Each structure stands twice: as C-alpha cells, then as structure tokens.
Amino acid sequence: MIASLSSAQDSWIHGVVTDDTGNSIANAEVINYKGKHITETDSLGRFSFLGVEDVKYGLTKSGFELKWI
C-alpha cells in the first residue's frame, strides 16, 4: 500500500492510499503513530484528518501488512 500525504498549517492531513499499480484501496485504516486518531479510506482510497499533528502514520487493511509512512 502507498499513501500520498499533504498537510496544511491548520493541521489538515489528507491523502490517497493506493496499491503498487496505482489502484485506490477502499476501507484501509489510516492510523496516527501515537494511536490517537484512526480513520478509514473512502471508496476512492481518500482519507483526511483535521486538527492533528503532522506525525508518522500507518496504513493497514486485511491481507496487507501494517506500513508506517
């Protein structure tokens, strides 16, 4: 799984989770490294967090290993 991340000064972090061929991955969990924030990608692989620190994030989905980005 691959994620592209963007962040803004107002602590909005968003991105898209894709596989190695560029296909979006729906229903993947995106986890804040500190475990305080967890969200799930939508049907197009998109996710976002508002009001969080720009820190390390992990991605996981059934059938995939957890990957920290």
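Values computed for the structure shown
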read-out: Residues D19 and S43, FRET efficiency given R0 of 22 Å [Cβ-Cβ distance, rounded to 0.05]; value: 0.90
read-out: Mean Cβ neighbour count within 10 Å, used as a protection proxy, ranking 19-26, 45-52 highest first; value: 45-52, 19-26
read-out: K36-S11 FRET efficiency (beta carbon distance; Förster radius 22 Å; 0.05 resolution); value: 0.95
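No value in this document is a laboratory result; all are computed from the given coordinates. Small disclaimer: the values here were computed from a predicted structure and weren't measured. Reconstructed Cβ throughout: ideal geometry from the backbone, glycine too, with neighbour counts over all protein chains shown.
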